Amino acid sequence: MPYIKQSQRENLNPAIDELVNRVRVTCEQDKDQPDGMLNYAMTSLLLGTVAKDKRYFNLERAVGCLECCKLELYRRVAAPYENVKAKENGDVFDYIEGGQLK
């Protein structure tokens, strides 16, 4: 999904790095969490690009972009983390047998 040409990455990365830095600095200064700022930034990016023309097709594309980002983040970051924690702490599915708790 996020596998774009290297030249496209080189064009975008400085702006992304700057945005990441600004969110981090703002969070540190305001002793806040980045959730609202990330939501604002992602919504603004989508409204300025794929959803600029507010037709159903474009809004659906924007939602699809978010869904794919969510799935890729889960697949590449969250799932491996959960696998480590399941090994460390025991997997809940080890305690289920035939649909019933052991």
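All of the numbers you see were taken from the coordinates with simple rules; none came from a lab. None of the values given here were measured: they were computed from a predicted structure. Cβ placement follows ideal geometry from the backbone for every residue including glycine, while neighbour counts extend to all protein chains displayed.
Some notes on this structure:
- Choice from 87, 54, 70 with maximal GNM fluctuation in the chain (Cα, 10 Å cutoff): 87
- Mean residue ellipticity, 222 nm, helices only, the chain: the sum of -39500 (n - 2.57) across DSSP H runs of n ≥ 4, divided by residue count and rounded to 500, is -22500 deg cm²/dmol.
- Note on the chain: percent of Cα-Cα distances in each 10 Å bin, starting at 0 and stopping at the bin with the largest distance, equals 12, 26, 32, 17, 11, 1.
- Chain lengthening between residue 52 and residue 28 when straightened (0.36 nm per residue, less Cα-Cα): 5.4 nm
- For the chain, size of Cβ-based charge dipole, Lys and Arg +1, Asp and Glu -1, in debye: 380 debye
- Selected from 77, 50, 63 as most flexible by GNM, with the chain as the system and alpha-carbon contacts under 10 Å: 77
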